[in-house]
1. Per the Cauchy relation, a quarter of the hull surface: what is the mean projected area of the convex hull of the alpha carbons in segment 54-158, in nm²?
2. Test of understanding: express the Cα radius of gyration of segment 1-71 as a ratio to 2.2 N^0.38 Å, with N the residue count.
3. Would you mind ranking 133, 4 by Cβ crowding within 10 Å, fewest neighbours first?
4. Take the Cα radius of gyration of segment 153-232 and divide it by 2.2 N^0.38 Å, with N its residue count; two decimals is plenty.
5. Kirkwood Rh, Cα Rg: Rg to Rh for segment 357-399?
6. Under 13 Å from the Cβ of residue 299, count the other residues' Cβ atoms, weight Lys and Arg +1, Asp and Glu -1, and hand me the total.
7. Note down, for segment 367-455, the three equivalent ellipsoid semi-axes (square root of 5 times each alpha carbon gyration tensor eigenvalue), biggest first, whole angstrom.
8. For segment 132-180, compute the orientation-averaged projected area of the C-alpha convex hull (one quarter of its surface), in nm².
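What follows is calculated from the coordinates using simple rules that are stated; it is not laboratory data. Everything numeric here is computed off the predicted structure, so don't read it as measured data. Neighbour counts are summed over all protein chains in view; Cβ atoms, including those assigned to glycine, are modelled from backbone coordinates with ideal geometry.
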Amino acid sequence: MIKILATAVLLALLIFSIVKKYNTVVTLLALSLAAYAGLTLAGMDVMGEATCGSAFFDIFEKLNTSAQGTMGGNVLIIMSIYGYIVYMKHIKASDMFATMIAAPLKRIKAPYLLAAMMILVGNLIKIVIPSGISVAALMIATLYPVLLKVGCSKTTSASAVLLSYVTVWGPSDASLYTALSLAGIEDVSVSEWFVSSQIPVMLVVLLVVMAVFIPVSKFFDKREHAAVSEEVMESQSIRDIGVPYFYALLPLVPLVTILIFSELIVGSIVISVVAACYFSLLLAVVVHTICRRNFRECFNDVSVVFNGMGDYFKGPGILLVFGTLFASALSGIGGMKLIVDGLSGIGGGTAIAISITTLLGIFVVGVTGVFNGNVSLIIPVMTTIITSTGLAPLPLLHLGLIGCALGSAVTPVAGASLYIASATNVNILTCVKRNLIPVISGGIAAIAVVLLFYV
């Protein structure tokens, strides 16, 4: 009970600070240190075998190890993407891309449908790029400006980005292998699993999420008097931009490179997001230099990339570092684990147990912002149901993962959520509020499809 109460207090304090406009970075750091101090006083070794020899200083060593892990992983990836985004803006390639794409799309007169389509595009990309925050960054770099150009509000566009990585599917997704390991299942072809049940279930989920997202976004835009971005009001034509038309292709180079040199296409060559960004940057610099015919100016222009990286780190980057630290602290307290453990003995029928477990995945990830850690909580519960009933294991394991993935779109504390809020200058709680109904609808759709057709 104390663990659950402590978790609730920390989350309440975080939400209070966001609403009252306290500095989010300082709040996350303070709450994380307070949480680890409490765990230390309770007798827990926060660093385990990696202790520095002092329980007091282990609190700060935890900050060090968390920051190192985040900096070497997600922050490095997003800094690379962000630097490329800044360069694209500097040479007006992103302006050309957004304007050329927006011109024909404006004739559709359905901005909410286009926002919903971005949800589909992002989740299709996630088959190849399993990192949700990488997908979010790519959406911010490419399609987010287009949505603003065609008349979507910033809040609707940001909410769509938050929903662009809620799938768990494809051979590249490590969480699928984690689920199989936790369930003690071996000799399973994830590729066959992907084709046989992951694709049908996830497509239904995405269609439901998209269908619900449209009226919900309309309702909240009207209720909140959400203004159309000033970018859509600019009458800038393609000719006014002042760069060649083919510059519109440059923002897509990292995405296309990643897709081509992946296990799904080339196979023998698989490159990272960071490598793709630097390759794309080199190509863009060469193209821009040839077009401008001023080597010194174009050479020096590359410095905007590193300025952009620095701007990212002091804003979204540091938020990501301390957001990850806070999420780890919540997981360490174990309040969510107690709730999940209590579910393992639930009565009332198999269908009810399966449904509650899936919806609980949405809840615990939404509350803590931790995906992988909560997979380790939800999958054992689902495995217990599988063992006791003899039902087909793969669809139910996938269902548990879907619940956790959907929770990623309704969490205000995950690194990806904080990045999106900072990059779009939109209150993350506003996006979470908007996404609740589409996410819950998607969860119910997943439960219905699995129960009706796969067990």
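1. Averaged projected hull area, Cα only: 8.7 nm².
2. Relative to the 2.2 N^0.38 Å estimate, segment 1-71 comes out at 1.20.
3. Taking fewest neighbouring Cβ atoms as first place, the list is 4, 133.
4. Normalised Rg, Cα atoms only: 1.54.
5. Reported Rg/Rh, Kirkwood definition of Rh: 1.00.
6. The answer is +1.
7. Over the Cα atoms of segment 367-455, the ellipsoid semi-axes are 29, 15, 8 Å.
8. 3.8
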